[in-house]
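The values are calculated or read from the model by the stated rules, or taken from the named source; none is laboratory data. These numbers come from a predicted model, not from an experiment. All Cβ positions, glycine included, derive from the backbone under ideal geometry; neighbour counts span all protein chains shown. Surface areas here come from the heavy atoms of the whole protein model, side chains and all, with no ligands, DNA or RNA. Shrake-Rupley method; radii C 1.70, N 1.55, O 1.52, S 1.80 Å.
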Amino acid sequence: MTNNKYVNEWVAEMAELTQPDKIVWITGSDEQTDALRAEACATGELEKLNEEKLPNCYLHRTAVNDVARVEGRTFICTKEKHDAGPTNNWMGLEEAKEKLTPLYKGAMKGRTMYVIPYSMGVVGSDFSKIGIELTDSIYVVLNMLIMTRAGQYVLDALGDNPDFIKGLHAKADIDEEKRYICHFPEYNYIASVNSGYGGNVLLGKKCFALRIASYLGRKEGWMAEHMLILGVEYPDGETKYVAAAFPSACGKTNLAMLIPPEFLAKKGYKVWCVGDDIAWIRVGKDGRLYAVNPENGFFGVAPGTNEKSNPNALHTTMRDTIFTNVVHNLDDNTVWWEGLDNNPPVNAIDWRGNKWDYKTYDKTRKLETSGAHPNSRFTALAQNCPCISSEFNSTTGVPLSAIIFGGRRAKTAPLVYQSKNWQHGTFVGSIMASETTAAAAGALGVVRRDPMAMLPFCGYNMGEYFAHWLSMGLKAENAPKIFHVNWFRTNAEGEFIWPGFGDNLRVLLWILARCEGKVDAVECEIGYLPKPEDIDTEGLDISMDVMKELLSVDKASWIEDLDSIKAFYAKIGDTMPKELLDELATLEANLKA
Ligand code: OXD
Ligand code: MN
């Protein structure tokens with residue numbers, strides 16, 4: 001509860017529209033949270049899991065038609081279409097009102113409206129921003145209590161201030177034809193209806209911390225980026241930080257929680273996770289860029305997470321976690337997913353809620369036959385992560401030595417290269433791309449351009465977003481160096497030639513050595529490449545020839561890529577900054593020289 005008249009008037013107005021039976025203010029107290037869990041278990045919205053094996057863990061299944069973010073039904077609603085830009089779905093304000101109002105009208109009849117005051121970032125930090133989400137879903141409340149800092153103390157911190165992001169979520173009928181995820185950056189407002197899936201309804205995450213925040217960042221002179229943040233601790237105790245952006249299916253959470261290879265661990269190297277998905281970045285007084293993770297938990301993809309790929313993530317999920325759309329093992333009331341281990345449960349319920357026989361699993365028909373949905377998730381507290389950084393709750397953020405872009409490219413990108421300067425690094429981010437894998441629907445090896453991994457998450461015109469990147473480089477006198485990595489290079493047989501996972505630390509160490517001016521590089525058409533011998537391969541079964549291959553520029557495939565870059569730039573149109581067009585021309589000239 002609050003005396004803030006802006007909050008109270010808005011809650012009353014939304015209650016008038018949606019007509020809930022009652023309104024409950026989320027305080028964050030253990031009593032209230034426990035009562036909500038009990039209520040959700042009583043109605044079947046949640047199932048309590050084995051308290052001994054998975055203390056304080058719950059299972060939830062979404063509707064079968066509601067299992068992922070829906071980019072086709074996600075809109076940026078602004079006065080002018082130009083402000084959403086050519087890469088976003090745009091809806092005008094009048095049309096949005098006409099479409100949404102009838103869907104919300106009476107949508108909470110017979111239900112409870114929960115008022116969730118939450119903060120993205122540590123309350124009291126200059127980086128942080130407050131939001132209030134109204135929802136008729138206990139699942140959303142309990143997830144928001146993990147993913148954000150939420151409760152009465154956030155309202156207390158807000159005081160009389162009108163400065164908060166409004167979010168209205170109603171499950172309505174979970175009708176996919178009437179599903180809308182609408183963002184009104186000019187009005188600090190998010191409207192989500194007819195979904196119960198995390199990415200569409202946990203409004204603090206993609207909707208606020210990326211789409212609305214990217215818009216605010218441009219207006220206010222900071223950046224909201226789709227980046228993990230990690231710290232590399234050296235044997236002498238010093239820690240250096242990097243932020244990194246990858247499109248989905250590139251192992252972002254695995255990199256954020258990397259386990260050093262044994263020989264580096266023995267020397268005393270450690271990796272600490274500050275965040276796995278989102279970074280808010282500001283210029284510090286010293287001209288460096290400082291980053292915070294505005295979230296409080298991880299909303300990670302479960303399948304493929306195991307003791308080898310990401311033990312830290314796995315251990316994080318062992319308590320206080322909500323699992324969504326994974327397999328329910330009825331024998332011991334635990335959970336399972338494809339890629340967890342080789343012991344699928346015999347007595348099990350799949351993500352659809354049906355009895356599941358693991359013997360029917362067919363790799364070529366994953367979606368139809370898997371027990372866990374390929375996009376099944378865990379919502380887990382960051383503080384439960386064994387490698388969570390001591391700076392996780394920092395109010396001032398961590399100084400970034402490097403920004404890393406990455407993609408999944410069979411041939412085009414080398415294992416790692418460094419950009420020439422901030423402007424060129426912005427160009428490198430703007431041409432980021434990934435090739436589709438067998439896991440994704442559709443053709444194999446199709447290149448999808450995803451600049452800075454922000455294509456689905458930029459809340460305004462992408463050309464203006466690039467211009468904002470350029471301007472941040474001018475503001476930050478000691479800006480981080482910008483690199484590009486590709487863990488997915490293949491040989492003629494189509495096999496991966498870099499081991500990836502923990503061994504990626506070897507590449508991070510070269511990157512950080514470059515930032516310190518401690519290692520040379522070779523200038524080439526696309527930037528600076530490592531000398532093959534400068535990436536430490538101790539203990540790896542990898543020849544110098546393979547290292548050379550990993551660090552080579554495949555000119556033919558780069559030249560082939562130019563057309564797709566040009567087509568993408570052309571789509572952005574007249575907001576495309578001249579500086580980046582010039583960089584593209586230079587790249588083309590270098591490659592064709
Ligand atoms: C995510 C995404 O869920 O990027 O983090 O899709
Ligand atoms: Mn993400």
Kirkwood Rh (inverse of mean 1/r, distinct Cα pairs), the range 456-540, angstrom: 15.8
Under 5 Å, built H, 5+ apart or other chain: amide partners of residue 271: 233
Exposure ranking of 269, 465, 153 by accessible area [1.4 Å probe, largest first]: 153, 269, 465
Accessible area, probe 1.4 Å, largest first, for residues 592, 266, 129: 266, 592, 129
For the range 5-149, alpha-carbon Rg relative to the globular expectation (2.2 N^0.38 Å, N residues): 1.23
Cα gyration tensor category, rounded, prolate or oblate, for the range 138-218 with a/c compared to 1.5: oblate
Accessible-area composition of the range 259-305, carbon plus sulfur, in percent [1.4 Å probe]: 54
Solvent-accessible ranking of 408, 149, largest area first, probe 1.4 Å: 408, 149
Cα-derived Rg to Rh of the range 486-577, Kirkwood definition: 1.05
Value at 222 nm in deg cm²/dmol, rounded to 500, when DSSP H runs of n ≥ 4 in the chain each add -39,500 (n - 2.57): -8000 deg cm²/dmol
Evaluated at q = 0.14, 0.17, 0.24 Å⁻¹: base-10 log I(q)/I(0), Debye formula over Cα of the range 370-475: -0.87, -1.13, -1.23
The range 301-386, relative contact order in percent, only Cα pairs under 8 angstrom and at least six apart counted: 40
Solvent-accessible area of residue 387 with every protein chain in place, 1.4 Å probe, in Å² to the nearest 10: 10
The range 273-424, relative contact order [Cα under 8 Å, separation at least 6], %: 30
Among beta bridges that DSSP assigns inside the chain, antiparallel share in %, nearest 5: 65
Assigned charges on the beta-carbon of Lys, Arg, Asp, Glu; the chain dipole about Cα centre (debye): 620
Principal axes of the chain: Cα extent on each, largest first, Å: 70, 56, 47
Relative contact order of the range 501-589, pairs being alpha-carbon contacts under 8 Å that are 6 or more residues apart, as %: 20
Nearest-20 debye value, the range 92-202 charge dipole, Cβ charges on Lys, Arg, Asp, Glu: 300
Trypsin sites (Lys or Arg not before Pro) within the range 24-53, DSSP loop, no more than 14 other Cβ atoms inside 10 Å: 53
Computed accessible area, residue 496, all protein chains, 1.4 angstrom probe, square angstrom: 130
Selection from 265, 298, 279, by position along the positive dipole direction of the range 257-317 (Cβ): 265
Kirkwood hydrodynamic radius over Cα pairs of the range 184-287, then Stokes diffusion coefficient at 4 °C and 1.567 mPa s, in µm²/s: 82
Unit charges on C-beta of K, R, D, E only; dipole of the range 543-593, Debye: 60
Of 507, 256, 86, farthest towards positive along the dipole that unit charges on Lys, Arg, Asp, Glu beta carbons give the chain: 86
Residue 178 - accessible surface, heavy atoms, 1.4 Å probe, Å² rounded to 10: 90
